[in-house]
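Chemist: Questions regarding the structure given below will be posed in turn.
The values are calculated or read from the model by the stated rules, or taken from the named source; none is laboratory data. The model shown is predicted, which means the values in this text are computed figures rather than measured ones. All Cβ positions, even for glycine, are placed from backbone atoms using ideal geometry, and neighbour counts span all protein chains on display. Note: areas computed on protein heavy atoms with side chains; ligands, DNA, RNA excluded. Shrake-Rupley method; radii C 1.70, N 1.55, O 1.52, S 1.80 Å.
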Amino acid sequence: MDLKFLFTDFSGRIRRRHFWFGSLIMIAVGLLIAMLLSATLGLGLISGAEMAGETITDFDTQMENITQSGWLSLLLFLIFFSPGAALSIKRRHDRGAAGTDVWVFYGLQLLLLLAQVTGLGYTAQELGGLTIATPTTLYKVVSSLMGILGLYLIVVMGFLKGTEGPNAYGPDPKGEA
């Protein structure tokens, strides 16, 4: 399988094994980039205090950690948006679908990330004398929808067979190596 085709071309069809192969490459590279960014820029998904097992009780510090991890996640999203979409769209093509559901998933993900980095997805809540950052109801609803759609896409792209023979998106990839 040509890696350039796998990650850059939005036309055609790919088999399940090529989808999983491409996904594993993106996960490995994503973890490597996240570790490098964490080490060099100080960006991280977990703060030093949280890693040390300390509870962060200051609301401003909580929001700073939330937005910092949001920026790292947004950067990774932007890096992997095109290759991930190309991989997913071709897999949806193999099942005879245009891939609109993939675009909806990516749109929801971008919306959540923007809400996180701007702080609009979180609100202050009093709990036991402490003010803590909690996701807004809208953020929780969109997160839940994204989770359901994500699970659906994993099942459809990763486990269900493609259409046999040619379809509107090209020849059956099983005819290839």
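Chemist: Quick check on this structure: which one of Leu120, Leu160 is within 23 Å of the chain's Cα centre (by Cα) and under 22 Å from Val102 (Cβ atoms)?
Modeler: Leu160
Chemist: Moving on. Could you list, in sequence order, all residues of the stretch 2-14 that are open to solvent by 50 Å² or more (accessible area, probe 1.4 Å) and in contact (Cβ under 8 Å) with a residue 24 or more places away in the chain?
Modeler: Thr8, Asp9, Phe10, Ser11
Chemist: Follow-up question, since we're still on this one. Out of Gly84, Gly44, Gly48, Gly53, I need the residue that is at pLDDT below 85, open to solvent by less than 30 Å² (accessible area, probe 1.4 Å) and out of contact with any Pro (no Cβ under 7 Å at 6 or more places or on another chain). Which one?
Modeler: Gly44
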